[in-house]
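S.K.: Would you mind keeping the following structure in view while I ask a few things?
The values are calculated or read from the model by the stated rules, or taken from the named source; none is laboratory data. As the structure is a prediction and not an experimental result, all values here were calculated from the model. Glycine gets a Cβ as well: all are built from the backbone with ideal geometry, and neighbour counts include every protein chain shown.
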Amino acid sequence: MKIGFIGVGLMGGPMAHNLLKAGYELKVFDLVPALLKPLIQDGAIAVDNARLAIEGVDCLITMLPASEHVLKLYLEEEALLDHIDPKTLVIDCSTIAPDVTKTVADAAAKQGITMLDAPVSGGTKGAQDGTLTFIVGGSATGFEAAQPILSAMGKNILHAGDHGAGQMAKICNNMLLAIHMAGTAEAIQLGVNNGLDPKVLSDIMVQSSGRNWSLELYNPYPGVMETAPASKAYQGGFKVNLMVKDLGLSQQAALLSHSSTPLGALARNLFNLHAAQGSEQLDFSSIQRFYKPK
Ligand code: NAD
């Protein structure tokens with residue numbers, strides 16, 4: 001089975017590696033050619049543009065930053081939907097606005113193409129280890145067809161509902177993630193400012209009622225967790241600007257559905273301020289620096 005993969009950045013790169021490992025033939029494309037090199041070494045065929053990535057493939061996967069990139073690729077500049085063979089299963093793993101997902105999926109359906117939204121959770125580590133959670137929106141038959149492919153990159157493949165439902169569930173998740181990451185950073189800094197060791201405090205809270213994913217697997221305080229971005233000067237991981245995008249999407253959804261999300265609004269402002277202070281390319285756990293005393 002041949003797969004086209006467009007967008008091999010921090011997440012797409014390791015996801016594509018896992019597809020190669022599972023024995024899929026892969027055609028890869030990214031606007032940054034240097035990102036293609038390690039995949040070529042592992043047997044992928046690199047192509048020069050998006051149109052070439054869809055030729056003769058059974059499935060197309062995209063992993064792009066935001067709504068505008070997905071719109072440009074599928075409907076506008078590249079207009080890929082006009083050129084995709086209707087037999088090709090199309091899976092967009094980017095986290096984007098649910099209404100954009102629906103627009104693109106509806107346009108795909110008009111061409112007889114099955115499209116799924118399948119944003120992921122689990123971070124770059126999950127992408128590397130092949131343990132991502134895929135949160136899928138689209139038809140039951142599309143979901144079934146995608147199972148073996150997604151299973152090569154993830155551990156939990158969940159069906160959220162129709163087109164856009166995958167995005168909506170992912171947006172809710174990331175709003176909660178931002179809130180508990182900021183809360184975790186705040187609590188650790190309070191402890192440190194009052195003489196506690198950040199590792200000892202983290203170990204205590206992991207075994208207490210403050211336990212959460214950020215604290216346990218992605219500790220924001222430098223040096224507490226060797227493998228976390230915090231211990232690598234917040235390089236790699238999930239960039240602040242992408243978290244700001246996701247928090248904007250949750251606020252948009254709240255506005256449209258008349259939902260109250262006071263903590264989500266606070267988190268968006270917090271991460272937005274942090275980005276504006278020059279942190280947008282850092283991992284989102286760098287919100288810890290926001291709390292650091294002078
Ligand atoms: P990234 O910026 O590292 O990668 C995106 C890649 O897409 C880049 O390499 C870019 O060159 C490429 N690209 C953009 N437009 C393109 C086009 N038209 N054609 C070909 N390539 C194009 O971002 P990432 O961290 O890999 O995130 C990708 C998506 O996954 C985002 O929507 C993000 O919100 C989501 N996500 C990220 C994480 C994480 O931990 N990094 C976790 C879960 C979900």
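S.K.: Only one of these is of a type in the set (A, V, I, L, M), more than 14 Å from the ligand (Cβ to nearest atom) and in contact with a helix residue (DSSP H, G or I) (Cβ under 6 Å, 6 or more places away or on another chain): Leu26, Leu64, Leu20, Leu80. Name it.
M.R.: Testing whether each residue is of a type in the set (A, V, I, L, M), more than 14 Å from the ligand (Cβ to nearest atom) and in contact with a helix residue (DSSP H, G or I) (Cβ under 6 Å, 6 or more places away or on another chain) leaves just Leu26.
S.K.: Let me ask you something else. Of these, Phe290, Phe271, which one is at pLDDT 95 or above and among the aromatic types (Phe, Trp, Tyr)?
M.R.: None of the other options fit; the residue is Phe271.
S.K.: What is the residue count in the stretch 252-273 for residues that are touching a Ser or Thr at 6+ places or on another chain (Cβ under 8 Å) and either aliphatic (A, V, I, L, M) or exposed (fewer than 15 other Cβ atoms within 10 Å of the Cβ) (or both)?
M.R.: 2
S.K.: Could I ask something else about it? Tell me, please, whether a residue that is over 24 Å from Ser94 (Cβ atoms) and surrounded by 22 or more Cβ atoms within 10 Å (Cβ to Cβ) can be found in the stretch 209-216.
M.R.: Within the stretch 209-216 (the criterion being over 24 Å from Ser94 (Cβ atoms) and surrounded by 22 or more Cβ atoms within 10 Å (Cβ to Cβ)), the answer is yes, since at least one residue qualifies.
S.K.: Please specify each residue of the stretch 32-57 satisfying the condition of being assigned to a helix (DSSP H, G or I) and in contact (Cβ under 8 Å) with a residue 24 or more places away in the chain.
M.R.: Correct list: Leu35, Leu36, Pro38, Leu39, Ala50, Arg51, Leu52, Ala53.
S.K.: Next up: Condition check: out of contact with any strand residue (DSSP E or B) (no Cβ under 9 Å at 6 or more places or on another chain), touching a residue at least 60 places away in the same chain (Cβ under 8 Å) and under 17 Å from Glu186 (Cβ atoms). Does Leu270 satisfy that?
M.R.: The answer is yes for Leu270.
S.K.: Tell me, please, whether a residue that is at pLDDT 95 or above, in a loop (DSSP other than H, G, I, E, B) and farther than 19 Å from Gln128 by Cβ can be found in the stretch 2-19.
M.R.: Checking the stretch 2-19: not a single residue is at pLDDT 95 or above, in a loop (DSSP other than H, G, I, E, B) and farther than 19 Å from Gln128 by Cβ.
S.K.: Working only within the stretch 100-126, note down all residues that are of a type outside the set (Ser, Thr, Tyr), out of contact with any strand residue (DSSP E or B) (no Cβ under 6 Å at 6 or more places or on another chain) and within 16 Å of the ligand (Cβ to nearest atom).
M.R.: Correct list: Val100, Val104, Gly123, Lys125.
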